[in-house]
Amino acid sequence: MRILVTGGCGFIGSNFIRFVLEQNSSDVLINFDKLTYAGNPANLADVEKIYGGGRYHFCLGDIADREHVLAALEEYKPDAVINFAAESHVDRSIHDAMPFINTNIVGTQVLLQACFDLGIQRFVQISTDEVYGSLGPEGKFTEQTPLDPRSPYSASKASADFLASAFWHTHGFPVVITRCSNNYGPYQFPEKLIPFMFRQAVNNEALPVYGDGLNVRDWIHVKDHCRGVWLALTKGAPGAVYNFGGDAERSNIEVVRRILQIMGKSEDLIRYVKDRPGHDRRYAMDFSLAARELGFAPEHSFEQGLAETVKWYQDNSEWLDTIVSGAYLEFINQWYTKRERL
Ligand code: NAD
Ligand code: DAU
């Protein structure tokens, strides 16, 4: 199969490309990426070396630009398109929502329309559990839970889901939507909780925990998510939505303490700071539909997966240092100044 992946230089996209190339001997992957601050070709340096120009092709482009998208589809003629490309960080969406509207909403619409126009046979839209809103202490999100996004990021992702569903209902275009919980693993941009806290701890700097630290996320190893996406691509029913989760609900403070413990660092580094505005309290996923229809089950235990991930960041300190550019540090500084006023 020829698969065009958007956003393949990001965290999950790069893991997905490696996952497919390593598990299947014939699939060809085309990586269509705009290379925003989060897109890093170094995430695929090994893949480029082994498969570049053969089973792997990189194509620079913006999903919100119809000419770029059409040119790539016409050149590479994929059988399937998987849309990982997005602005993905909630704090950034609070800081400035416009890039989220442009890529996550306009970009998804442009991509859907171009794929429909050219008769692409399969389209997978990568979505998130955040479209469902926030849970109290009990219960889990199912695919029937009404969408109730509460941050600019999740509102933009929910909009993309509605557009994707509309293509299925209006035109019979075979879209599958996947909604996954919080991923962790190698190559995650260090603005996200786990690599961010790792980096702070390495540098013996404060670990800023938002609010009371009791917000809960359901953590899934990125390889388990990649397997879920592969199953949705190859076995999912057209028009269906599938939830994926890791069966690993943990509070943020538990995760932060565990990282410090693995690294042999003191909990004195923890600082409770002002909460994220509109901070969702708890996410938990019921993925029984994906288990039943796709045979999906997470294989990594969180404790072991986290220890391996911390080791990966320790072993790849060069990767982490080069990714932390001036632009990234500028955002972090602006964000901490601005959030005090929110
Ligand atoms: P990321 O921020 O690490 O990577 C995003 C990638 O998309 C980058 O390579 C970037 O260059 C590219 N990109 C951004 N705008 C683009 C555009 N206009 N055109 C082409 N490429 C563009 O994101 P991630 O964490 O890997 O998330 C990937 C997808 O998975 C997103 O759709 C996100 O909403 C979803 N998701 C993420 C998580 C998570 O925990 N990270 C969980 C569930 C769902
Ligand atoms: O749930 C899936 C979503 O998970 C994805 O759709 C998003 O793309 C991804 O970014 C992630 O969103 P979160 O907001 O849950 O991830 P983040 O890593 O930003 O934060 C995880 C939790 O940790 C959240 O409750 C906020 C908290 N946090 C985060 C940072 C960066 C802190 O307490 N301190 C921090 O410095």
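Computed from the coordinates by the stated procedures, all read-outs in this text should not be read as laboratory data. For clarity, every value in this text was computed on a predicted model and none was experimentally measured. Methodologically, a virtual Cβ is constructed for each residue, glycine included, from the backbone with ideal geometry; neighbour enumeration extends over all protein chains shown.
A few notes on this one:
- Close amide H pairs (under 5 Å, H built 1.01 Å from N) link Phe244 with Arg179, Cys180, Ser181, residues at least 5 positions away or on another chain.
- Rounded to 10°, Cα long-axis angle of helix 66-76 versus longest principal axis of the chain: 70
- Structural descriptor for the chain: relative contact order 18 percent, calculated from alpha carbon pairs under 8 angstrom and at least 6 residues apart.
- In degrees, nearest ten, helix 152-171 long axis to first principal axis of the chain (Cα): 20
- Mean separation of Cα contacts under 8 Å (6+ apart) over length of the stretch 1-67, as relative contact order %: 37
- Nonlocal amide H pairs with Arg2, under 5 Å, H built at 1.01 Å: Val28, Asp79, Ala80
- Cα-based helix-to-principal-axis angle, 11-23 vs the chain, degrees rounded to 10: 60
- Cβ-Cβ distance of Ser301 and Arg2, R₀ of 35 Å, FRET efficiency by 1/(1 + (r/R0)^6): the value works out to about 0.50.
- Restraint check, Lys235/Lys311; Lys223/Lys311; Lys34/Lys235, Cα-Cα greater than 22 Å: Lys235/Lys311; Lys34/Lys235
- Across the stretch 1-139, the relative contact order, built from alpha-carbon pairs under 8 Å that are at least six residues apart, equals 27 percent.
- Dividing the helix sum by the residues of the chain, where each DSSP H run of 4 or more adds -39500 (n - 2.57), gives a mean residue ellipticity at 222 nm of -13000 deg cm²/dmol.
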